[in-house]
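Report on the following structure.
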Amino acid sequence: MINFKDEIAELIAQHVEGLELSEIQDIIEVPQDPKMGDYAFPCFRLAKIMRKAPPLIAKGIAEGIDDSSLFEKVEQVNAYVNMFISKEAFIKDTLEEVLGRGEDFGKTDIGENKTVIVEYSSPNIAKPFHIGHIRSTVIGNSLYKIFDALGYNVIRINHLGDYGTQFGKMICAYRHWGNKEDVIREPIKTLLSYYTRFHVEVEEHPELDDEARETFAKLERGEKEEVELWQWFRDESLKEFNRVYDMLGISFDSYNGESFYSDKMPRFVRELEEKGLLKESQGAHVVDLEEYGLGTALITKSDGSTLYITRDIAAAVYRKETYDFYKNIYVVASQQNLHFQQWFKIVELLGYEWAKDCVHVPFGLVSLEEGTMSTRHGRVVFLEDVLNKAVEKTKEIIREKNAGADEADIDETAKTVGIGAVIFQELSNNRIKDYVFKWDKVLNFDGETGPYVQYTHARCASVLRRAGEETVAKAAALKDVDYKYLCSESAYELIKLLYKFPDVVVDAGHRYEPSIVTRHIVDMAQGFNRFYHDEHILTDDEQEKTAKVALVIAAKNAIRNGLALLGMKAPEKM
Ligand code: ARG
């Protein structure tokens, strides 16, 4: 695509003094109000350099660049040069790009030959996979898709919480009160009930704690029976997690969780010692981070066992050595801010220059209308139940909207739309904000929601079906398309949104913020619907129809590519 900013900067450069090309680029703006042009150049900064009043400078520039074929018109308004891009040239260029690149429209290669690790989801095994986990899971998956579209080689890691003293307790509990069939039938709920029972029983039988500690020690030493039980708990939990990942269409390249690093820690604990960073404190080992305002980090306990933070440091070292990452990204709740600040600091103090490439991407809390969730109080909302409920509710809505639709079709569509609605909602909010999960908002077909956008995509598809294959083929090839038919306000505004899409993806990647993509998809969908309502698309005039159909194909393509970046499907019918 033409980079208009580049072209404009070069034109302006011929008429000003004392500014580098890149400086001119930085000054060029995109006005909020389209009446002020597609691009504007304020001349305030030049006043000093050129020793002239800004309006005079603007006038000179405007007259100088006016006859370029790039512009429809150029105006000087006070200190501004307002530039209106030649619509037809712009439309032609944009549609050629969107249609020519198809599924690749929006992709770039800025990440070529660089590896990015995205760690996300990372639930704890034998614990509920609940609504709170949706954020990391869905934001992480979208960041993976975005970095993939930017040309990075992306490694997806699920850092399972599968290690720690609680597994000593779990194994003990299972031995005392467990039943194999129950675990197989309903692994997580059953294992959780054993764990809860352990905490009740230990009040009366404190010796259980010693037993649990001893059991964990055996697990750490790799004794057969303990390892087998632990492995079994892990496998059963993963089966349950995978059911949800399948529903969401999410997968991982690695499930190396905390346990994977249990034998990879002594090395850097030694390094910490050699660098004089490790202090003894009542038999435990800590790193004092007070001077950085980060408190003290506990590295090993007095019984020698390691902690969550120790395993994170070991994991980062392993990842650097295995993948040589350019960025190592952690999509984890903002509640863990201190944890990440602490260990990033420790890695830096160890002298690893790649500490700066570790990125914590935090996000806020999700709560339910009924109040916050609490595992301890049994107010757990399982993610799987939420997804199933979304599908069920969507079925009802579809049945209501299209009485008589085929049940098999309804099933398929309800899955796409119901689960899509939850994903979209999740990615609509600026990730750092806390938000309240509300069914009415998630499943509203008219609001700025997943169903609305998917419905818009299906509407594009429906227009194309009605246009007929011949016209669609001609339009898709942009054969004899006369772009003058796409100069109306609603068509042109839509085309501008399509043009912006690739930049939006880059921006979302830089800021680790999928909601930037979500926002833009809503804008494109609204832009399309405005065009759809304002214009008669399938007119009798074959040439006019072909041009407009080309825009429908382009809008459909861009919306689909956008949804793909969120991990959502784009239905042809709804
Ligand atoms: N398992 C942890 C939890 O559920 C999240 C792990 C986050 N990742 C990490 N590398 N620390 O809270």
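The values are calculated or read from the model by the stated rules, or taken from the named source; none is laboratory data. Just so it is clear, the structure is predicted and the values come from calculations on it, not from any experiment. Cβ placement follows ideal geometry from the backbone for every residue including glycine, while neighbour counts extend to all protein chains displayed. These accessible areas exclude ligands, DNA and RNA; they are computed on the full protein's heavy atoms, side chains included. Shrake-Rupley method; radii C 1.70, N 1.55, O 1.52, S 1.80 Å.
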Give the number of residues within region 319-353 that are in contact (Cβ under 8 Å) with a residue 60 or more places away in the chain, assigned to a helix (DSSP H, G or I) and within 13 Å of the ligand (Cβ to nearest atom). 2
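Quick check on this structure: which one of Lys92, Lys87, Lys107, Lys169 is in contact (Cβ under 8 Å) with a residue 12 or more places away in the chain, open to solvent by 10 Å² or more (accessible area, probe 1.4 Å), under 30 Å from Lys189 (Cβ atoms) and away from the ligand (no atom under 16 Å from the Cβ)?
Only one candidate passes the filter, namely Lys169.
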Could you list all residues from region 414-441 that are more than 18 Å from the chain's Cα centre (by Cα) and surrounded by 23 or more Cβ atoms within 10 Å (Cβ to Cβ)? Val417, Gly418
Specify which of the listed residues (Glu489, Glu572) is touching a helix residue (DSSP H, G or I) at 6+ places or on another chain (Cβ under 7 Å), open to solvent by 50 Å² or more (accessible area, probe 1.4 Å) and charged (D, E, K, R). Glu572
Using the structure shown, decide if Leu294 is within 28 Å of Asn430 (Cβ to Cβ) and surrounded by fewer than 16 Cβ atoms within 10 Å (Cβ to Cβ). no
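Yes/no per residue for (1) under 38 Å from the mean Cα position of the chain (by Cα); (2) surrounded by fewer than 16 Cβ atoms within 10 Å (Cβ to Cβ); (3) of a type outside the set (A, V, I, L, M); (4) on the phi < 0 side of the Ramachandran plot:
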position	(1), (2), (3), (4)
Val200	no, yes, no, yes
Ala217	no, no, no, yes
Glu220	yes, no, yes, yes
Glu228	yes, yes, yes, yes
Gln231	yes, yes, yes, yes
Val244	yes, no, no, yes
Ile250	yes, no, no, yes
Ser254	yes, no, yes, yes
Ser262	yes, no, yes, yes
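Here is a yes/no grid of residues against (1) touching a strand residue (DSSP E or B) at 6+ places or on another chain (Cβ under 8 Å); (2) open to solvent by 90 Å² or more (accessible area, probe 1.4 Å); (3) modelled with pLDDT of 90 or more; (4) among the acidic types (Asp, Glu):
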site	(1), (2), (3), (4)
Gly364	yes, no, yes, no
Glu369	yes, yes, no, yes
Gly378	no, no, no, no
Ala390	no, no, yes, no
Ala408	no, no, no, no
Checked region 240-262 for anything among the charged types (D, E, K, R) and within 12 Å of the ligand (Cβ to nearest atom); matches are Glu258
Of the residues in region 9-40, those that are assigned to a helix (DSSP H, G or I), within 16 Å of Lys59 (Cα to Cα) and out of contact with any helix residue (DSSP H, G or I) (no Cβ under 8 Å at 6 or more places or on another chain) come to Met36
So Tyr152 ticks every box in (1) within 15 Å of the ligand (Cβ to nearest atom); (2) touching a Phe, Trp or Tyr at 6+ places or on another chain (Cβ under 9 Å); (3) open to solvent by 20 Å² or more (accessible area, probe 1.4 Å); (4) farther than 25 Å from Thr306 by Cα but one. Which box is left unticked? (1)
Determine the pairs where a residue that is closer than 16 Å to Ser136 by Cα, located within region 242-255, has a partner that is open to solvent by 50 Å² or more (accessible area, probe 1.4 Å) with Cβ atoms under 7 Å apart, the partner being 6 or more residues away or on another chain. Tyr245/Ser251
Can you name the residue in region 24-50 that is among the acidic types (Asp, Glu) and free of Cβ contacts under 8 Å to residues at least 12 places away in the same chain and is also least open to solvent (accessible area, probe 1.4 Å) among such residues? Asp33
Condition (residue is open to solvent by 30 Å² or more (accessible area, probe 1.4 Å) and β-branched (Val, Ile, Thr)) applied to region 51-66: is it met by at least one residue? no
How many residues are within 11 Å of the ligand (Cβ to nearest atom) and in a loop (DSSP other than H, G, I, E, B) when one looks only at region 117-146? 8
Those residues of region 297-315 that are open to solvent by 10 Å² or more (accessible area, probe 1.4 Å), of a type outside the set (A, V, I, L, M) and assigned to a loop (DSSP other than H, G, I, E, B) come to a total of 4
Of the numbered conditions (1) at pLDDT 95 or above; (2) buried (at least 17 other Cβ atoms within 10 Å of the Cβ), Tyr318 satisfies every one except a single condition; which is it? (2)
Has region 508-530 got any residue that is open to solvent by 50 Å² or more (accessible area, probe 1.4 Å), within 20 Å of Thr108 (Cα to Cα) and not in a helix (DSSP H, G or I)? yes
